[in-house]
1. Is there a residue being open to solvent by 60 Å² or more (accessible area, probe 1.4 Å) and either aliphatic (A, V, I, L, M) or in contact (Cβ under 8 Å) with a residue 24 or more places away in the chain (or both) anywhere in segment 268-275?
2. Please work out which one of (1) under 18 Å from the mean Cα position of the chain (by Cα); (2) open to solvent by 30 Å² or more (accessible area, probe 1.4 Å); (3) at pLDDT below 90 is the condition residue 51 fails and give its number.
3. So how many residues does segment 160-175 have that are surrounded by fewer than 24 Cβ atoms within 10 Å (Cβ to Cβ) and outside any strand (DSSP E or B)?
4. Return the total of residues in segment 70-104 being of a type in the set (A, V, I, L, M, F, W, C), under 22 Å from residue 47 (Cα atoms) and out of contact with any strand residue (DSSP E or B) (no Cβ under 8 Å at 6 or more places or on another chain).
5. Any residue in segment 158-181 that is farther than 13 Å from residue 85 by Cβ sitting within a Cβ distance under 6 Å of a residue that is polar (S, T, N, Q) and not in a strand (DSSP E or B)? List the pairs, counting only those 6 or more apart or interchain.
6. Can you name every one of the helices (runs of 4 or more DSSP H) wholly within segment 218-299 that holds 1 or more residues which are more than 30 Å from residue 204 (Cβ to Cβ)?
7. Within segment 290-299, is even one residue under 27 Å from residue 169 (Cα atoms), basic (Lys, Arg) and in contact with a helix residue (DSSP H, G or I) (Cβ under 7 Å, 6 or more places away or on another chain)?
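The values are calculated or read from the model by the stated rules, or taken from the named source; none is laboratory data. From a predicted model like this one, the values you see are computed outputs, not experimental measurements. Cβ atoms come from the backbone with ideal geometry, glycine included; neighbour counts cover every protein chain shown. Protein only, heavy atoms only, side chains kept; ligands, DNA and RNA dropped before computing areas. Shrake-Rupley method; radii C 1.70, N 1.55, O 1.52, S 1.80 Å.
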Amino acid sequence: MSLRDDSRSDFDSLRPGQSTEQGATRRTALKAAIGVGYAAAVMPVVAQTAIRTSAEGLKAGPVKYTVNGFEVPAYAAAPAGETGLPVILVIQEIFGVHEYIADTCRRFAQLGYLAIAPELYARQGDPRGYTDIPKLQADIVSKVSDAQVLADLDGALSYASANGGNTAKAGITGFCWGGRFVWLYAATGKVKAGVAWYGRLVGQPSELTPRHPIDVAASLQAPVLGLYGGKDQGIPLDTVDKMKAALATGTPAAKASSFVVYSEAGHAFHADYRPSYVKNAAEDGWQRATAWFKANGVI
């Protein structure tokens, strides 16, 4: 397959209208950010629980693809030399595509998938240097539109198709901020299944975020497994109940969707590099996620 070699620069060429200095600086920074280190806002890392998945036997590293004239940086991993691979789109947390997200891609690749995680904030800025989460939300995250994200996910699928992936067998998973988009993308008909890790389900519509998972629940085109924490202070369990009720009135895919709520876990229980990590819930959720994909044809 033809994922770019780690030793090559993926950000050497310039977009029209950019100066050499601006373009080179931006691309160097973004390349350095993809899958390397952790965001400042979550430091220090809990090293004793952070998982490190080997890249042995994989083609793994930074890649790029173009959407509406913009080069989207991403991290991709897949078994080396293989084609016709099932595809998993991996959607970042609020902190961008750092080491944890890259490691998740390698975990899927070790199971035989082509996994790709696009940096979905690339147009708005670099989340790595922020130490204050509210400022990160205000400066970058609040400026990212759903339409932009969905288009970039479409682009990731196109990249996968051209680089050894079989997008007829595609799934999607995401964490926190990314978990919300699992539900939204499952309504597009472009994947066979989704796994949403503690993604927000309800919210006020706005120009950039016109619909939320509750609004598309009944029209899902792919079944979603929702993995949530019973102690999550940001996602009340009554919103899970509302989502279940909406799913029950919908399409066959909506009715086939399911939730698992881990009573002992709070938010970000799968994030093994953070104090929020809950080992039993994370490991059980991962087993359920991989089984869900297999059961729904993402294999």
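1. yes
2. It fails just one condition, (3).
3. Residues in segment 160-175 being surrounded by fewer than 24 Cβ atoms within 10 Å (Cβ to Cβ) and outside any strand (DSSP E or B): 4 in total.
4. Going through segment 70-104 one residue at a time, the tally reaches 2.
5. 178/92
6. 279-295
7. Scanning segment 290-299, I find no residue that is under 27 Å from residue 169 (Cα atoms), basic (Lys, Arg) and in contact with a helix residue (DSSP H, G or I) (Cβ under 7 Å, 6 or more places away or on another chain), so the answer is no.
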